[in-house]
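The values are calculated or read from the model by the stated rules, or taken from the named source; none is laboratory data. Bear in mind that the values here come from a model prediction, so they are computed numbers and not experimental data. Here the Cβ is made from the backbone with ideal geometry for all residues, glycine too, and neighbour counts use every protein chain on show. These accessible areas exclude ligands, DNA and RNA; they are computed on the full protein's heavy atoms, side chains included. Shrake-Rupley method; radii C 1.70, N 1.55, O 1.52, S 1.80 Å.
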Amino acid sequence: MHMATLRILDIVVRLPQGTSWTTDTPKECWITHTLDGPSVQEVRTALEREATKIGYDLRQINRISYLRRGERRIEIYDIQSAGLGIRVDDAEALPFAHVVEQGIRLAGIMLPIPEGARVEPGRERHDPGSTSWSAEWRMYDCAADKVASLMHDSLTQMGLRPGGVWSPPIGGIPRWKAEAFSAHQLVQADITDAGDHLDLILTVMGPSDD
């Protein structure tokens, strides 16, 4: 009897008899599979086993399994008593974030970076049909508070309304946030000081010029 299989990135697992599954529409480029049936835990065991064979690192926290190899991530978690969720992020298949001569660019918005700073692109995320974009960059040789202020000023110079610049609380995560908006668009920049570099996440929600 032919047994159904499920492909998760470069891993193929057999599904026990009586197992059904659905695949949700991608959200922020994550794809979620939902499995139901009396033997779904066999799928978890097989997926973990086959993934570690080909180099995925496995961590388990509170019944959630985290598999990672490079930029590929898989999360496996229980859904009630007879369900299993598998969330998959294949960031290696995503386009790189845009770095242009003037700075960085996302969804038709170009923002400058401080003079003398160096920037490395991460990945850009955009689901088909969505009006939301996000992208990541690493920035070197610049201060988080100055990046937040520069981006906020640049957005308001484009005609967006000032939303504000927020500094981290004392003793909290060293993360700054800048925000600006219009009637149809919201732009947010999150800048985290990671010590030797800054992690920048830019989010644009609303119609794009791209």
task = Take 28, 136 and sort them by solvent-accessible surface of the protein heavy atoms, 1.4 Å probe, largest at the top.
result = 28, 136
message = Whole-Hz ³J(HN,Hα) for each residue in region 127-141, computed from phi via Karplus 6.51 cos²θ - 1.76 cosθ + 1.60 with θ = phi - 60°, x for glycine and proline: what do you get?
response = 7, x, x, 7, 10, 10, 10, 8, 8, 10, 9, 10, 10, 10, 6
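Counting only other residues whose beta carbon sits under 12 Å from that of residue 10, what net charge do I get with K and R as +1, D and E as -1? Spell out each step's value before the answer.
On the way: positive: 7, 53, 69, 72; negative: 50, 90, 92.
That works out to +1.
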task = Taking only protein heavy atoms into account and a 1.4 Å probe, give the accessible area per residue of region 171-210 in Å².
result = 49 Å²
query = Using 0.36 nm per residue, how much length does the chain from residue 183 to residue 145 gain when fully extended, once their Cα-Cα distance is taken away?
reply = 11.0 nm
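Of all the accessible heavy-atom surface of region 1-100, with the other protein chains kept in place and a 1.4 Å probe, what percent is carbon and sulfur?
On the way: 2990 of 6040 Å².
Carbon and sulfur together cover 50 percent of it.
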Dipole magnitude (debye, nearest 20) for the chain, charges at Cβ of Lys, Arg, Asp, Glu = 580 debye
note = Nearest 10, in degrees from 0 to 90: the angle of helix 40-53 to the longest Cα principal axis of the chain is 70 degrees
task = Would you work out what percent of the accessible area of region 133-210, with all protein chains in place, is carbon or sulfur (probe 1.4 Å)?
result = 51 percent
message = Which one, 150, 76, 140, is farthest towards the positive end of the dipole of the chain when Lys and Arg carry +1 and Asp and Glu -1 on their Cβ?
response = 76
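Could you work out the relative contact order of region 1-157, using alpha carbon pairs under 8 angstrom and six or more residues apart, expressed as a whole percent? Kindly include the intermediate steps, with their values, before the conclusion.
Details: 270 pairs, mean separation 24.4, N = 157.
Computed over region 1-157, the figure is 16 percent.
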